[in-house]
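Okay, so here's the structure we're looking at.
The values are calculated or read from the model by the stated rules, or taken from the named source; none is laboratory data. What you see is a predicted model, and the numbers here were worked out from it, not measured in a lab. All Cβ positions, glycine included, derive from the backbone under ideal geometry; neighbour counts span all protein chains shown. Keep in mind that these areas ignore ligands, DNA and RNA; they rest on the heavy atoms of the full protein, side chains included. Shrake-Rupley method; radii C 1.70, N 1.55, O 1.52, S 1.80 Å.
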Amino acid sequence: MPVSAATATKIREAMARLLAGEPLHTNGALTKENLAREAQVSHATIHRAEDILAQWDAKVARPVLRSPGEVERDETIAKLRRQLRESKAEVTELQGKFDALAAVTANLYHENLALKRKLGTSRRLASLPAPAAEPGPVRTDG
């Protein structure tokens, strides 16, 4: 027994909402079960609407188990994971450079101490003499 015209209209409207990614009563997954929920009819009623199910099967070649929102979420997660991998690689590279700089600084410090011991001086740094005052402009008028 086919469905009534009013029920067929509800099912077609529900199908249009699901295919457009704008569900009102479901998570948006393109399944026949969701089509029944979206149309607010029983699962048995959906299967009695054979002509509408044929249209559904033609438009939904293979069922998509994720809603558009889930697809967007998964793409965002993938993007954030990629950014995290890139950031971790950058941090690892910078940490390597930092460690190398720390090693060079430590070596220079110890070489500096060894040179001071060799010279027999424990003075810190010698200050440079202050530059001599430069002469002002030469006056020629008199």
Residue within the range 10-22 that is surrounded by 15 or more Cβ atoms within 10 Å (Cβ to Cβ), at pLDDT below 90 and among the β-branched types (Val, Ile, Thr) present: no
Out of Glu86, Glu134, sole residue that is at pLDDT 80 or above, open to solvent by 100 Å² or more (accessible area, probe 1.4 Å) and acidic (Asp, Glu): Glu86
Tabulated pairs, the range 38-58, first under 19 Å from Ala20 (Cβ atoms), second open to solvent by less than 80 Å² (accessible area, probe 1.4 Å) and not in a helix (DSSP H, G or I), C-beta under 7 angstrom, 6+ apart or interchain: Glu38/Pro23; Glu38/Thr26
Candidates Lys32, Lys10, filtered to the one that is of a type in the set (Lys, Arg) and touching a His at 6+ places or on another chain (Cβ under 8 Å): Lys32
Near pairs, Cβ below 7 angstrom, 6+ apart or cross-chain, from the range 1-30 (closer than 14 Å to Lys59 by Cα) to any residue that is open to solvent by 60 Å² or more (accessible area, probe 1.4 Å): Arg17/Leu24; Leu19/Lys59; Gly21/Pro68; Ala29/Leu65; Ala29/Arg66; Leu30/Pro63
Selection within the range 1-30 - assigned to a helix (DSSP H, G or I) and under 22 Å from Arg66 (Cα atoms): Ile11, Arg12, Glu13, Ala14, Met15, Ala16, Arg17, Leu18, Leu19, Ala20
Matching residues in the range 41-81 - criterion: being at pLDDT below 90, under 35 Å from the mean Cα position of the chain (by Cα) and small (Gly, Ala, Ser): Ala61, Ser67, Gly69
